[in-house]
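Working notes for the structure below.
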2 protein chains.
Amino acid sequence: MVGLVIVSHSNKIAEGVVDLAKQVAPANEGIRAAGGLEDGEIGTDPTRIMAAIEEADSGDGVVLLCDLGSAIMSAETAIELLEDSGINIRIADAPLVEGAIMAAVQASMGSSMDEIIKAAEETRQMPKVN
Amino acid sequence: MVGLVIVSHSNKIAEGVVDLAKQVAPANEGIRAAGGLEDGEIGTDPTRIMAAIEEADSGDGVVLLCDLGSAIMSAETAIELLEDSGINIRIADAPLVEGAIMAAVQASMGSSMDEIIKAAEETRQMPKVN
């Protein structure tokens, strides 16, 4: 199963997204939170993201979902740090919460990395209000 | 200043979005969390949303940001419950975290409800990855 890492400036957001994803896709055991700084403050930390990626990977690669632009920068640093790990890591260009829920459902169905990223990114276009 | 309410199935997500918005837009004091159920479980509760709207309103109306479809339903129920309150309440059809941060910045600049909703909804189209 493809792993997922939720990268947010807020630890509460990252943990909350994992909680919600586990409710929507209970079969998904490869989703990890990487939110905030070590001391709980707002920010993103490449080392925390790196550790979450290593935990989320079960051999099928890991998709990252990020909240804001600077989270992407930290995610890219984490990917560089894992360059020699052999883990296939990609960033979905998707809304954090909406993309993560869709990705968690897709991953629990055994979808490929490409399918998961496509589904997560398509949530950009999904209306919420009828 | 237009108020904001963050409606999420997860209390952690809603509180985390408020924390992050306050960091990005410190002047914004009209943002409130309405996440999860009374007992902390995953879900949305029209009564909690209603209370948050009343707290967020300072006379200029309140914009709601919601995570998933059923959050919108609870938000609509809360709006019905407040029908006689005279509070101008609208739902932004925007990604939760990204839309909320943009809305918080706009609201703290004194933007109108229309401007805030437009800016929040435009985050759907904003690429994160270069």
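The values are calculated or read from the model by the stated rules, or taken from the named source; none is laboratory data. Predicted model only: the values in this text are computed from it and were never measured. Neighbour counts are summed over all protein chains in view; Cβ atoms, including those assigned to glycine, are modelled from backbone coordinates with ideal geometry.
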Output for the range A:38-82, where each listed residue is farther than 28 Å from B:MET126 by Cα and of a type in the set (Asp, Glu): A:GLU38, A:ASP39, A:GLU54, A:GLU55, A:ASP57, A:ASP60
Residues of the range A:53-74 classified as more than 18 Å from A:ASN88 (Cα to Cα), touching a Ser or Thr at 6+ places or on another chain (Cβ under 8 Å) and of a type outside the set (D, E, K, R), total: 2
Mind checking which residues of the range A:61-72 are in contact (Cβ under 8 Å) with a residue 24 or more places away in the chain and exposed (fewer than 15 other Cβ atoms within 10 Å of the Cβ)? A:SER70
Where a residue in the range A:43-60 is in contact (Cβ under 8 Å) with a residue 24 or more places away in the chain and its partner, wherever it lies, is surrounded by fewer than 19 Cβ atoms within 10 Å (Cβ to Cβ) and in a helix (DSSP H, G or I), with Cβ under 7 Å and at least six apart: A:THR44/A:SER70; A:PRO46/A:THR77; A:PRO46/A:LEU81; A:MET50/A:LEU81
Being part of a helix (DSSP H, G or I) and within 12 Å of the chain's Cα centre (by Cα), is that true of even one residue in the range B:33-47? no
Would you pick out the residues in the range B:53-87 that are assigned to a loop (DSSP other than H, G, I, E, B) and in contact with an Asp or Glu (Cβ under 8 Å, 6 or more places away or on another chain)? B:ASP67, B:LEU68, B:LEU82, B:ILE87
Tally up the residues in the range A:45-57 that are touching a strand residue (DSSP E or B) at 6+ places or on another chain (Cβ under 6 Å) and of a type outside the set (D, E, K, R), please. 4
Considering the range B:94-118 alone, what residues qualify as being in a helix (DSSP H, G or I), among the hydrophobic types (A, V, I, L, M, F, W, C) and in contact with a strand residue (DSSP E or B) (Cβ under 9 Å, 6 or more places away or on another chain)? B:LEU96, B:VAL97, B:ALA100, B:ALA103, B:ALA104, B:ALA107, B:MET113, B:ILE116, B:ILE117
Tell me, please, whether a residue that is polar (S, T, N, Q) and at pLDDT below 95 can be found in the range A:57-64. no
List the number of the failed condition for A:ILE91; all other conditions in (1) within 13 Å of the chain's Cα centre (by Cα); (2) in a helix (DSSP H, G or I) hold. (2)
Show the residue pairs meeting these rules: Cβ distance below 7 Å; 6+ apart or different chains; first residue within the range B:13-29 and in contact (Cβ under 8 Å) with a residue 24 or more places away in the chain and more than 12 Å from chain A (Cβ to nearest Cβ); second residue assigned to a helix (DSSP H, G or I) and not hydrophobic (A, V, I, L, M, F, W, C). B:ALA25/B:SER108; B:ALA27/B:SER108; B:ASN28/B:LYS22; B:ASN28/B:SER108
Within the range A:91-130, work out how many residues are crowded, with 20+ Cβ neighbours inside 10 Å, in contact with a helix residue (DSSP H, G or I) (Cβ under 6 Å, 6 or more places away or on another chain) and more than 9 Å from every other protein chain (Cβ to nearest Cβ). 8
